[in-house]
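See below for the structure under consideration.
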Amino acid sequence: MNKNKKLWIIALVLVIIAVAIWLLSGKKKKEEVSFETDKVEMSSIHTSITATGTIEPVTSVTVGTQVSGIVSKLYVDYNSVVKKGQVIAELDKTNLTSELNTARANLASAQSSLSYQQANFNRFKTLYDKGLVSADDFENARLSYQQSNQQVVQARENVKKAQTNLSYATITSPIDGVVLSKSVEEGQTVASSFNTPELFVIAKDLTDMRVIADIDEADIGGVKEGQRVTFTVDAFPDDTFHGTVQQVRQEATTESNVVTYEVVISARNNDLKLKPGLTANVTIFTMEKNNVLTVPSKALRFTPNEAIMAKDQIIKDCPGDHKLWTKEGNTFTAHAVETGTTNGVLTEIVSGISAGTVVLTDFKISGGMTGMPQDQQTSNPFMPRPGGNRKNNASNGSNGSNAGSGNNAPRK
């Protein structure tokens, strides 16, 4: 019985070893290497940054008033076209006219006093020359004359000031343009104290607009005057507008620990689609090269190695920091090239290869080792049953050749 028992044990061990060898030496599919290629060709290469900005007129003027009073007349409204010097509003002039009349009366009084003091001074001068009055009396007469003269000068200035304030009650347009906003109505009182009250905002020319874009500090180094800009607005999503970087402002703005710089972009608005205040989605082209020799950047990272080489294939390498590879038959040939600018996707080729050359960019390996299906492995009575977590991971992973090689790997 012991001898038969040993034979059964030996037979069982042999069966287990045979099954294990069969699983470990599963069938292999023939591995095939396929190559991805692309052409060296003339193309355009550019880099760009994006930002948001606000559209506004190039020239806009806020019209206010330097005097206080009640708005008696308004002659313009929103979108009114105005000319330089055109009357657009008037304030009540009653108090200002009264101040002017008072100043004129004071001037007349000062002039009368001056006439008297001048005659008195002339009389004292005659008497002083004859020695009939003292020097003190003569000096007092001259002082009174000089003071009266200064009072006349001051009264004249008060009249000019009153006249100017009265003219301020008539509000005129400082430029040719269009009224963008109106902040007052007839009958409203405006008070001019420390700040000038805003009555109107007038834009000079709505066909000449600009975009004030906020550029992040990480991108501002590449922005220069004269660069091409395209932008869109939500009001016209199908239209693309064009502009040019006009100014890069040096002042930084910090908000929520984010530093940005203002960039002024000029934009024509001949069809008047762009309206002040619209948000623009801006693309600034920081680098542009047209009609240059380019190649996909990944082609410069391709290098043939033993993993993709067949036994009868030949590599012809060459010195150089940047290389492109071509394949003719079983021969891989390296071409040393000089590169220029790049945007990450395309790279400029300055020299070293001609246009139209087909270069290698990548490779793929198909096929691999295949083994017994996973469900058959777990149902084999001679296989040890894995724990619950490992079984779930295997069943949720990849199947086919990857599953076979994955299960065999720990046994080696």
* From SER48, SER68, grab the single residue that is surrounded by 15 or more Cβ atoms within 10 Å (Cβ to Cβ), closer than 30 Å to MET287 by Cα and either of a type in the set (S, T, N, Q) or touching a residue at least 60 places away in the same chain (Cβ under 8 Å) (or both). => SER48
* Scan the stretch 260-279 residue by residue and report those that are closer than 14 Å to THR244 by Cα, in contact (Cβ under 8 Å) with a residue 60 or more places away in the chain and open to solvent by less than 40 Å² (accessible area, probe 1.4 Å). => VAL263, ILE265, SER266, ALA267, ASN269
* State all residues of the stretch 308-322 that are assigned to a strand (DSSP E or B) and either open to solvent by 80 Å² or more (accessible area, probe 1.4 Å) or in contact with a helix residue (DSSP H, G or I) (Cβ under 7 Å, 6 or more places away or on another chain) (or both); if no residue qualifies, say none. => ILE314, LYS316
* Structure fact -> Looking across the stretch 106-126 at residues that are of a type outside the set (S, T, N, Q) and either open to solvent by less than 60 Å² (accessible area, probe 1.4 Å) or in contact (Cβ under 8 Å) with a residue 40 or more places away in the chain (or both), the single one that is nearest to GLN163 (Cα to Cα) is LEU107
* Asked: If LYS130 satisfies every condition in (1) surrounded by fewer than 14 Cβ atoms within 10 Å (Cβ to Cβ); (2) modelled with pLDDT under 95; (3) closer than 17 Å to SER183 by Cα but one, which is the exception?
  -> (3)
* Identity of the residue in the stretch 280-291, of a type in the set (S, T, N, Q) and farther than 30 Å from ALA203 by Cβ, that ends up least open to solvent (accessible area, probe 1.4 Å) -> THR286
* To do: Kindly indicate the residue of the stretch 294-307 that is free of Cβ contacts under 8 Å to residues at least 60 places away in the same chain and open to solvent by 50 Å² or more (accessible area, probe 1.4 Å) and also farthest from VAL33 (Cα to Cα) among those meeting that condition.
  => ARG301
* To do: Take ASN291 and decide whether it is under 30 Å from LYS224 (Cα atoms) and out of contact with any His (no Cβ under 8 Å at 6 or more places or on another chain).
  => yes
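The values are calculated or read from the model by the stated rules, or taken from the named source; none is laboratory data. These numbers come from a predicted model, not from an experiment. With ideal geometry, Cβ positions are generated from the backbone for all residues, glycine too; neighbour counts draw on all protein chains shown. The accessibility values were calculated without ligands, DNA or RNA, using every heavy atom of the protein model including side chains. Shrake-Rupley method; radii C 1.70, N 1.55, O 1.52, S 1.80 Å.
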